[in-house]
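The values are calculated or read from the model by the stated rules, or taken from the named source; none is laboratory data. All values reported here derive from a predicted model rather than from experimental measurement. Positions of Cβ are generated from backbone atoms using ideal geometry, with glycine treated the same way; all protein chains shown enter the neighbour counts. For accessibility, only protein heavy atoms count, side chains too; no ligands or nucleic acids. Shrake-Rupley method; radii C 1.70, N 1.55, O 1.52, S 1.80 Å.
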Amino acid sequence: MTLRIVFRISVLVLVIYSAVTQKCPAGGRSESSIVGWMLRGHVYDTLLAELPFTCVFKCREDNRCQSFNWVISLLTCEFNNRTKEARPEDFIPNPNRSYYRRDLERVPLGSIQELPAESCDVIKRSEGHAVSGKYWFSTIKSGTSVRAYCNMETNEKWKKINTGPVCFRARGDSYGAFNIRVGGVIYTFKLVHLSGSIRCNPGFSPSYWGCDNPGYGDTRLLTVLTFKNKSALLLADYKRKYCDYRYKIEGVGVNDTELQFNNLPSPISVSVGDEFQIWYGQDLTNCSEDNNSGQTCADVYAWYA
């Protein structure tokens, strides 16, 4: 049988099957094949099959299966753990494939441990409508599925955390504390200056977030976010060859109104009431703080998944 004949038979089978499921969805969402397209980068298993019918039934047996690509030249099913709705950027033309979304009893993305999502946004795109609650994620802890809360009621990524100004001083264990008000998964934080400034030495100019010491070169930022136990969140590339936490963030100066940190290496799951702290780097380590002075007050924002 030539490849052209196989292609025509495969397309005909999928078209007929799609027409039948559209008329008789049997309580499930009817779907149709999309010839000449594929979903790339989300294949978790393959199967040799002479007809795409086999792919349909095999997909229904696996909770991970969200869709499949039918590879016409290889008579092969490529089972995907995502749909084109979840990852539209990965839905691309391919003349040798046809795409098919699972038709019956597709497991919602993030609802089981075997099918974790990357973010709340991906879940919303995948399902069209999703309710706020706990879902499974693959991005919080590498190699492990972790369950965390998603607020599906808002599309706003930056959420203000504090209710009043959060102030921290440059010496004397004078950190500023704030508590999480919305549970979920956080990628990074930013601080927005409200008032005040800090000096790391009477001879240097005051700044909002660091030390304006020319000897520090381009690592003049010293504002550090920590967990309640004073361990620093990895929001910057800290230079710890000194006794404090110095760092730079491209495009951010010590007197900029906003201090937006880098993304965390792995997003963190937070719950309502969790405490975090803002420290001046020298105060955090009790390093060279004797002649420090001043106070900075800020609003705290978190970027949620």
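So the values come out like this:
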| read-out | value |
| --- | --- |
| 1.4 Å probe accessible area per residue over the chain, in Å² | 48 |
| Those residues of segment 188-226 whose amide nitrogen sits under 13 Å from the label point placed on ASN255, 7 Å along Cα→Cβ | 197-199, 204-213 |
| Solvent-accessible surface ranking, highest first, for GLU250, GLU289 at 1.4 angstrom | GLU250, GLU289 |
| Fluctuation leader among ALA170, ALA49, ALA86 - the chain, Gaussian network, Cα springs under 10 angstrom | ALA49 |
| The chain - percent of accessible surface contributed by carbon and sulfur, probe 1.4 Å | 51 |
| Span from the segment 53-131 Cα centroid across to the segment 269-305 one, whole angstrom | 43 |
| Highest-fluctuation residue, GLU105, GLU153, GLU114 considered, GNM on the chain with Cα pairs under 10 Å | GLU153 |
| On Cα atoms only, tilt of 3-23 relative to the major axis of the chain in degrees | 80 |
| Normalised convex hull volume, the chain, alpha-carbon set, Å³ per residue | 149 |
| Column: log10 I(q)/I(0), Debye, Cα scatterers of segment 34-108, q = 0.22 Å⁻¹ | -0.90 |
| Cross-link partners of LYS248 among aspartates and glutamates (Cα-Cα below 17 Å; sequence separation of 8 or more within a chain) | ASP212, ASP218, ASP237, ASP256, GLU258 |
| Kirkwood-Stokes translational diffusion coefficient of segment 28-153, alpha-carbon pairs, 4 °C, 1.567 mPa s, µm²/s | 87 |
